[in-house]
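FYI, it's all coordinate maths here, none of it is from the lab. A quick note: this is a predicted structure, and the numbers were derived from the prediction, not measured. Every residue, glycine among them, receives a Cβ derived from its backbone with ideal geometry; neighbour counts consider all protein chains shown.
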Amino acid sequence: MPLSITKIAFRSESVETLRAWLESHAGKGEARMTTRYLPKRVEEMAGGSLYWIHGHMIVGRSPIIGFQEAPEGRHWIRLEPRLIPVHARPKRAHQGWRYLEEKDAPADLGGDAEGADAMPPAMLGELSKLGLV
């Protein structure tokens, strides 16, 4: 079972701006996030994803390609340049990343939830609590 991580979508005004940022890197084949510290459990993350938090909700995920050393002693988290919408789940804000076991990760949205990722996070969260999304 692959291990995943959660991260705040810092500087993203909306889920759409996060998606646009990721997709703007499609020509390069990957999007890179810079981090100061390499996760201690990096070996367990093969096949895992970075789950994005926006508006106190997990709203989507980007599959992790790998990790690479970056300039100035930092590291890159290499991501597929796409946002896969998931069933929204409340998640508190935190600094850095947190590990997310596969059994605890929200499921991907199916084709029947077309457009649900464009809903405001608060509304999506309320619908999720009611079991409607």
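Some observations on this one:
- Under-5 Å amide H pairs with Ser49, H placed in peptide plane, nonlocal only: Ser4, Ile5, Ile64
- Two-decimal Rg/Rh across segment 1-96, once Rg and the Kirkwood Rh are taken from alpha-carbon atoms: 0.94
- Take every Cα pair under 8 Å whose residues are at least 6 apart in sequence, average their separation, divide by the length of segment 14-87, and the relative contact order is 38 percent.
- Taking amide H as placed 1.01 Å from N in the peptide plane, Lys91 has its amide H under 5 Å from the amide H of Met57, Ile58, each at least 5 places away in sequence or on another chain.
- Backbone HN-Hα couplings from phi across segment 49-64 [Karplus 6.51/-1.76/1.60, Hz, Gly and Pro as x]: 9, 9, 8, 8, 10, 9, x, 6, 9, 6, 10, x, 9, 10, x, 7
- Debye, to nearest 20: dipole size of segment 12-77, +1 on Lys, Arg Cβ, -1 on Asp, Glu Cβ: 120
- Residue-wise HN-Hα couplings along segment 86-103, as the Karplus relation 6.51 cos²θ - 1.76 cosθ + 1.60 with θ = phi - 60° gives them from phi, are 10, 5, 4, 9, x, 8, 5, 5, 8, 8, x, 10, 10, 6, 9, 5, 4, 5 Hz; Gly and Pro carry x.
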